[in-house]
Amino acid sequence: MSFAVNALICASYFSRRNKRRRRRYHVHPILVERLLEGEFCKLFWRLQEDEEKFFDYFKMSIRSFDELQARLQDNLKHCNMFRVPIQPIERLAVTLRYFVTGQTYEDLHFRFRIGAATIGNIIQEVSKNIWSLLHQECLSIPKTQEGCLQIAAGFETVANFPNCIGCIDGKHVRIICPEHSGSLYSNYKKFYSVVLLAMCDSDYRFTYINVGACGADSDSNIFRRSSLFTKLQNGEIILPPPKPLPHTTEPLAYMIIGDAAFGISNKVLRPYARSNLTHKKKIFNYRLSRARRYIESTFGIMSNKFKIFHRPMNTSLPNTTTIIKACCVLHNYIRERDGYRIQDTLTIVGFNDLRHNANSNIRSGDAIRDKFANYFVSPDGCIPWQNACIF
């Protein structure tokens, strides 16, 4: 009896094993046609004949694409003795279309005639290389006082806010619930997310990003655990010495501007709480919001350029973090070379604000904020239209 049972088990095992080994195709005929029917081979070379269409397709100019491809080429080369490898230029094109359209791997599989798993590997490889090669050049906090002074001069010119070295904000990026994560990534709006904490200058460029914090985490905790906060506290970021505001004599420190989600300190300015505001406080909140809109617009430009932020990301958490970081670097890369379209700054799609958490008030920060508020209502610091904007 036992012999018969064992024989049946062995027969069933080998039968299933043979079925698993049996493949209909080594490479599916649809994929074999990649070099003739794939979207890259049929469309890319025609796009290069039309600058406007090329920009609409990749969201960057031909010159910017060629420069990026040349810098990534050596790291994206592959050798294969059995089939023609996918060239670096096509790998970059697939990755950019993934960012720009927000399509799934399966959608791109049929368009480019490349396997869905291969597309996933390509996107991760290209994203890692974009970050490693470009982040020091395109996305970094100024390492000198001259760099900070240049940012401050920009905010003073375009936003009428002196002594500002950056605007900071955090946004929720939607994701599919990771396995075995429970409610760790569920935020207060009841969807799953990771947090992108970023700081920008007055030219809509990121100067700092922190990616990957859990959606359930509080905004203040994310900032306090960030390397930016650590470097500010330890003096690793060399800020310019305090400087008097225009037409005044008392020196004031250079500050970072944030919204109500951040606790006030001697490094970060936030608006007054919106209850029983005096005229002076309303003016300060208005002036601060005029400067803070640059980080909102920076998020808006990036999310409207890269539609990947318009839907939940369904990749693993490490891969999601890599993709977000690559998009931020590409945003700066394109911004410096091709500018931006004004309509991209008008709306923010794909991001959600962090929850307000106002438990941290530091007296030195309150005193600095009051000095800025007094300046903005004084004859030296007021702007002609500010009173009309708060009523």
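The values are calculated or read from the model by the stated rules, or taken from the named source; none is laboratory data. Just so you know, these numbers come straight off a predicted model, no measurement behind them. So basically every Cβ, Gly included, is an ideal-geometry build from the backbone, and we count neighbours across all protein chains shown.
Across region 101-128, the number of residues qualifying as among the acidic types (Asp, Glu) and crowded, with 16+ Cβ neighbours inside 10 Å comes to 1.
Given the condition in the same structural domain as Arg293 (by TED's automatic domain parsing) and either closer than 20 Å to Asn285 by Cα or in contact with a Gly (Cβ under 6 Å, 6 or more places away or on another chain) (or both), answer yes or no: does some residue in region 225-240 qualify? Checked against the condition, which is being in the same structural domain as Arg293 (by TED's automatic domain parsing) and either closer than 20 Å to Asn285 by Cα or in contact with a Gly (Cβ under 6 Å, 6 or more places away or on another chain) (or both), region 225-240 yields no hits at all.
When Thr298, Thr278 are checked against the criterion of being in the same structural domain as Tyr208 (by TED's automatic domain parsing) and in contact (Cβ under 8 Å) with a residue 60 or more places away in the chain, Thr298 stands alone in meeting it. The residues of region 101-129 that are of a type in the set (S, T, N, Q) and outside any helix (DSSP H, G or I), listed by number, are Gln103, Thr104. Could you figure out which of (1) touching a residue at least 40 places away in the same chain (Cβ under 8 Å); (2) assigned to a loop (DSSP other than H, G, I, E, B) isn't true of Leu184? Failed condition: (1).
Can you work out which of the residues in region 83-100 that are in contact with a Cys (Cβ under 9 Å, 6 or more places away or on another chain) and in a helix (DSSP H, G or I) is surrounded by the fewest Cβ atoms within 10 Å (Cβ to Cβ)? Selected residue: Glu90.
Does Ile295 satisfy the criteria of being touching an Asp or Glu at 6+ places or on another chain (Cβ under 9 Å) and within 14 Å of Ile168 (Cβ to Cβ)? It is true that Ile295 is touching an Asp or Glu at 6+ places or on another chain (Cβ under 9 Å) and within 14 Å of Ile168 (Cβ to Cβ). Which one is farthest from Leu31 (Cα to Cα) among residues in region 68-91 that are of a type in the set (D, E, K, R) and touching a residue at least 40 places away in the same chain (Cβ under 8 Å)? Of everything passing the filter in region 68-91, Arg71 is farthest from Leu31 (Cα to Cα).
Within region 82-108, the residues that satisfy the criterion of being farther than 18 Å from Lys307 by Cα, of a type outside the set (A, V, I, L, M, F, W, C) and out of contact with any His (no Cβ under 8 Å at 6 or more places or on another chain) are Arg83, Gln87, Pro88, Glu90, Arg91.
Could you tell me whether Ser132 is surrounded by fewer than 17 Cβ atoms within 10 Å (Cβ to Cβ), in a loop (DSSP other than H, G, I, E, B) and not charged (D, E, K, R)? Against the criterion (surrounded by fewer than 17 Cβ atoms within 10 Å (Cβ to Cβ), in a loop (DSSP other than H, G, I, E, B) and not charged (D, E, K, R)), Ser132 does not qualify.
If you take the residues of region 142-174 that are among the β-branched types (Val, Ile, Thr) and surrounded by fewer than 21 Cβ atoms within 10 Å (Cβ to Cβ), which of them is farthest from the chain's Cα centre (by Cα)? The qualifying residue farthest from the chain's Cα centre (by Cα) is Thr157. Of all residues in region 193-215, those that are touching a His at 6+ places or on another chain (Cβ under 7 Å) and either outside any strand (DSSP E or B) or over 19 Å from Arg311 (Cα atoms) (or both) total 2.
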